[in-house]
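Please treat every number below as a calculation from the coordinates, not as lab data. Predicted, not measured: the structure shown is a model, and the values here were computed from it. Positions of Cβ are generated from backbone atoms using ideal geometry, with glycine treated the same way; all protein chains shown enter the neighbour counts.
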Amino acid sequence: MKEISDLYPSQDGNKNKREEIINLMNHLLSNMDQMKNEHSPLLNSKEKDRHPNYYEQITNDTVIPNIGEDYSTIVKEMTHLLDGHPYPNKNFFGNVVTTPSIASLIGTLTMCLSNGNSIWDAYGTAAAEAEIKVTAMLSELVGYNRQESLGYSTWGGQGAVFSSLRMAIARHAPNYKEEGIPNNLYCFASELSHYSLLRSIEATGIGTNHLMKVKVNEDHSMNIDDLSEKIEKVIQKGGTPLYIAATTGTTDTFGIDHMKEVKETCIHLENKYAIDPIFIHADSAMGGFYAFFNNYDFNNNPLAFSNDTLDALITIQDRLQHLHLADSVCFDFHKLGQTPYVNSFLLAKDKKDVSRLSISKEDSPYIGDRSYGNYHTSYTFECSRSGSSIVMYATLLEFGIEGYQKLLGHFLDFNLKLRSRLTSIFPNLAITNKFSPGPITTFRIYQGSENWDLERKGLLTEGEINQTNDLNKKIFEYMGEVRDKILWGDTSKVCYAEAKDTGCLVPIASTKLFITSPFTTTDEIDTIVFELEQILKKARKHSEAEKGDYVLV
Ligand SMILES: *Cc1c(COP(=O)(O)O)cnc(C)c1O
């Protein structure tokens with residue numbers, strides 16, 4: 001048996017130990033590379049056979065070994081875990097999953113090797129320094145004053161929504177930490193916002209009945225008139241409009257709320273009714289990265305984007321240039337930022353909004369209250385935090401502004417070409433997010449020729465809409481069967497359509513293709529078209545054989 005001290009990197013920096021570690025990594029990386037196939041988004045090109053009792057068997061069979069295993073066994077086990085794993089390569093179009101870039105892996109290694117707790121610089125100097133650097137970099141990007149702003153890494157875009165809501169409550173009711181939540185607070189977000197706000201409203205004790213869902217426009221941005229009406233209604237009934245989540249890049253369709261109009265509406269109503277400023281969080285977890293185009297030279301177009309792509313970028317930039325009007329913003333680096341999970345950054349415009357949440361020194365006796373150490377994040381909901389700012393810092397250095405512009409511009413370009421090919425080839429296919437350019441394309445298949453425009457304008461019955469939903473859900477199943485070739489995404493609620501007969505808002509099911517791989521080129525459009533043809537053939541055959549409730553033509 002090994003000495004326990006053999007289980008660690010060396011204390012003295014000796015070469016033998018380092019080479020042992022490098023060899024293990026080499027082994028793991030080689031094993032993984034052997035499983036890659038550029039034409040399949042699954043490692044080893046197929047899923048592991050997970051029979052119905054697969055997980056039950058694992059539960060029964062797995063134990064902690066009596067004597068620790070040797071490293072070759074451990075690398076073998078890790079390799080086994082990777083077998084059949086989805087791998088975001090050129091044919092991966094599922095929900096947004098990034099291929100972690102090389103610098104993000106180096107950053108992750110640095111984070112693990114230094115193992116600093118970013119709650120306090122006495123324990124995590126590297127993490128603290130990186131957090132301050134990332135705050136400065138992202139402040140510049142969105143147009144915040146870096147002397148006034150404050151940011152930190154947190155548990156996902158969900159964590160950013162939660163803590164920005166806590167900031168909003170503390171600004172409105174400074175004694176809420178001691179006295180509890182006032183009972184008349186209301187929050188607003190579009191009906192296509194992420195469910196993070198619903199969760200946060202529940203967790204803060206505001207209660208989900210106090211979430212006012214605002215209607216969306218055809219480009220899936222929040223309808224400002226409806227927002228204004230809903231806020232006024234709350235005020236007139238004696239409620240306090242507390243918080244707006246302005247989604248800047250919806251998760252399913254990349255609809256972008258008009259930050260400037262949201263802010264102007266707030267100012268107008270705040271003056272009219274003499275109420276406190278409403279806190280605005282830009283839920284930019286997904287779309288914030290397109291702010292990298294804020295200073296792009298659209299006239300000279302140095303990266304030579306096509307005219308269509310340029311137009312789409314201008315549409316996006318037109319909205320994102322106003323991100324700085326929000327009280328806080330978020331960046332999910334594990335989405336478009338090219339890092340592994342979980343790497344999210346919450347950035348507040350005014351550090352006072354954050355510091356109201358600080359815990360007192362007496363209540364944190366073992367951390368942060370010494371004469372040494374100058375950085376104590378006593379305001380985070382988390383206690384220990386990983387040093388994930390190190391990962392974000394490394395990746396920001398790697399890509400630079402131009403690197404992100406190239407990547408994100410490429411995603412946009414791909415989607416524009418994909419949309420036009422799909423609609424030219426399939427007369428029964430409609431792009432359900434056609435007014436929102438971005439890295440996502442959602443589409444819906446119809447039994448006959450497509451009638452999305454009638455559907456979205458409320459001219460079809462609930463039965464008709466649901467019949468098309470059922471057809472699309474069947475198609476999702478067929479798509480799932482060929483995950484080894486293309487990993488398709490889907491959503492059962494890309495948006496709502498009003499039914500002509502019942503007036504109900506019916507969720508619209510759509511296939512959702514999200515491109516996140518730099519390896520995806522326009523060649524893959526051929527693959528998508530070919531595979532979709534096969535799937536539709538199968539669906540058609542099936543409907544004929546079953547004489548089922550739908551007929552594909
Ligand atoms: C993904 C997403 C979230 C949630 O982020 P997590 O990192 O998954 O916690 C919140 N809001 C939006 C708009 C998102 O796209």
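Counting only helical runs of four or more DSSP H residues, what would the 222 nm mean residue ellipticity of the chain come to if each run contributes -39,500 (n - 2.57) and the total is spread over all its residues? Could you put the intermediate results ahead of the total?
Values: 16 runs with 235 residues, N = 553.
My calculation for the chain gives -14000 deg cm²/dmol from helical runs alone.
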Checklist outcome for this item: Pseudo-spin-label distance ASP6 to ASP453, built 7 Å along Cα→Cβ, given in nm, is 7.4
Item to check | Members of LYS485/LYS538; LYS406/LYS434; LYS474/LYS541; LYS233/LYS352 lying beyond 19 Å, as alpha-carbon distances in this model show | outcome: LYS406/LYS434; LYS233/LYS352
Next on the checklist: Looking at the chain only, what percent of DSSP beta bridges run antiparallel? Nearest 5 please.
Outcome noted: 60
Item to check | Paramagnetic label zone (point 7 Å from Cα along Cα-to-C-beta, SER45; backbone N under 12 Å) in segment 461-502 | outcome: 484-485
Item to check | Pairs beyond 30 Å (Cα-Cα), from LYS215/LYS272; LYS213/LYS349; LYS260/LYS361 | outcome: LYS260/LYS361
Next on the checklist: I'd like the Karplus ³J(HN,Hα) series for segment 152-159: coefficients 6.51, -1.76, 1.60, θ = phi - 60°, whole numbers in Hz, and an x wherever there's a Gly or Pro.
Outcome noted: 7, 7, 8, 7, x, x, 4, x
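Lysine pairs in segment 11-87 8 or more apart or on different chains: how many have alpha carbons under 30 angstrom apart? All intermediate terms of the calculation are to be shown ahead of the outcome.
Numbers: LYS15/LYS76; LYS17/LYS36; LYS17/LYS76; LYS36/LYS46; LYS36/LYS48; LYS36/LYS76; LYS46/LYS76; LYS48/LYS76.
Lysine pairs meeting the criterion: 8.
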Checklist outcome for this item: Summed over the other residues with a beta carbon less than 12 angstrom from that of GLU140, with K and R at +1 and D and E at -1, the charge totals +2
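Using 1/(1 + (r/R0)^6) with R0 = 51 angstrom and r between the beta carbons of HIS85 and ASP276, what's the FRET efficiency to the nearest 0.05?
Working: r = 49 Å, r/R0 = 0.96.
After rounding to 0.05, the efficiency reads 0.55.
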Checklist outcome for this item: Pseudo-spin-label distance ASP61 to LYS538, built 7 Å along Cα→Cβ, given in nm, is 2.8
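Counting other Cβ atoms within 10 Å of each Cβ, which GluC sites (Glu not before Pro) in segment 132-212 have at most 12 and sit in a DSSP loop? Numbers along the way, then the final one.
Working: sites: GLU140, GLU148, GLU178, GLU179, GLU191, GLU202; in loops: GLU148, GLU191.
The qualifying sites are GLU148.
What are the trypsin sites (Lys or Arg not before Pro) within segment 347-439 that DSSP puts in a loop, where the Cβ has at most 12 other Cβ atoms within 10 Å?
Values: sites: LYS349, LYS351, LYS352, ARG356, LYS361, ARG370, ARG385, LYS406, LYS417, ARG419, ARG421, LYS434; in loops: LYS349, ARG356, ARG370, ARG385, LYS434.
Taking segment 347-439 and a limit of 12 other Cβ atoms within 10 Å, the loop trypsin sites (Lys or Arg not before Pro) found are ARG370.
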Next on the checklist: Classify segment 105-404 from the C-alpha gyration tensor, please: rounded if a/c falls under 1.5, else prolate or oblate depending on whether a/b exceeds b/c.
Outcome noted: oblate
Item to check | Rounded FRET efficiency, nearest 0.05, which uses the C-beta distance separating LEU397 from ASN299 and R0 of 30 Å | outcome: 0.60
Checklist outcome for this item: Restricting to aspartates and glutamates and to Cα separations under 14 Å from LYS512, and discarding same-chain partners fewer than 8 apart, the set is ASP252, GLU477, ASP490
Checklist entry - For LYS500, what charge total do you get from the other residues with a beta carbon under 14 Å from its beta carbon, if Lys and Arg give +1 and Asp and Glu give -1? => result -4
Item to check | Separation of alpha-carbon centers, segment 141-196 and segment 361-388, rounded to whole Å | outcome: 20
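Based on other C-beta atoms within 10 Å, arrange THR240, THR516, THR527, THR432 from fewest to most. Each step should come with its number before you reach the end.
Values: THR240 18, THR516 21, THR527 15, THR432 28.
Fewest to most other Cβ atoms nearby, the residues stand as THR527, THR240, THR516, THR432.
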Checklist outcome for this item: Once the in-chain neighbours fewer than 8 apart are removed, the aspartates and glutamates whose Cα is under 19 Å from LYS500 read GLU218, GLU450, ASP453, GLU455, GLU462, GLU464, ASP470
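Within a 10 angstrom radius of the beta carbon, how do SER492, SER424, SER517 rank from fewest other beta carbons to most?
Working: SER492 13, SER424 10, SER517 23.
Placing the least packed residue first, the sequence is SER424, SER492, SER517.
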Next on the checklist: If neighbour count is taken as other Cβ atoms inside 10 Å, put ASP369, ASP61 in order from fewest to most.
Outcome noted: ASP61, ASP369
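Could you work out the relative contact order of segment 389-487? I mean the mean sequence separation of Cα pairs under 8 Å and 6+ apart, divided by the number of residues, in percent. The partial results should precede the final answer.
Working: 65 pairs, mean separation 17.8, N = 99.
Reported relative contact order: 18 percent.
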Item to check | Karplus (6.51, -1.76, 1.60) ³J(HN,Hα), θ = phi - 60°, over segment 445-457, in Hz, Gly and Pro reported as x | outcome: 9, 10, 5, x, 6, 5, 9, 4, 5, 5, 4, 6, 8
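R0 = 60 Å: FRET efficiency of LYS76 with ASP350, Cβ-based, nearest 0.05?
Working: r = 52 Å, r/R0 = 0.87.
Efficiency computed from Cβ-Cβ geometry: 0.70.
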Checklist entry - What per residue convex hull volume, in Å³, do the alpha-carbon atoms of the chain yield? => result 191
Checklist entry - Quick one: Karplus J couplings for segment 363-379, per residue in order, coefficients 6.51, -1.76, 1.60, θ = phi - 60°, nearest Hz, x for Gly and Pro? => result 7, 10, x, 9, 8, x, 10, 9, 6, 9, x, 10, 9, 10, 8, 6, 9
Checklist outcome for this item: Two pseudo-spin positions, 7 Å from Cα along C-beta at GLN236 and at LEU24, lie apart in nanometres by 6.7
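Pairs of alpha-carbon atoms within less than 8 angstrom and 6+ residues apart define the contacts here; what relative contact order does the chain have, in percent? Write down the numbers at each step before the final one.
Numbers: 980 pairs, mean separation 105.8, N = 553.
After rounding, I find 19 percent.
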Item to check | Computed over segment 276-431, Cα set: Rg, Dmax in Å | outcome: 20.3, 71
Next on the checklist: Let me check I've understood the local charge: for LEU105, count other residues with C-beta under 15 angstrom from its C-beta, Lys and Arg +1, Asp and Glu -1. What total comes out?
Outcome noted: -2
Checklist entry - When the label point is put 7 Å from the Cα of SER424 along its Cα-to-beta-carbon vector, which residues of segment 522-542 have a backbone N closer than 14 Å? => result 523, 525-526, 529
Item to check | Loop sites in segment 1-101: GluC sites (Glu not before Pro), DSSP, at most 11 other Cβ within 10 Å | outcome: GLU3, GLU38, GLU69
Checklist entry - Taking the alpha-carbon centroid of each part, what is the distance from segment 401-418 to segment 302-345 in angstrom? => result 11
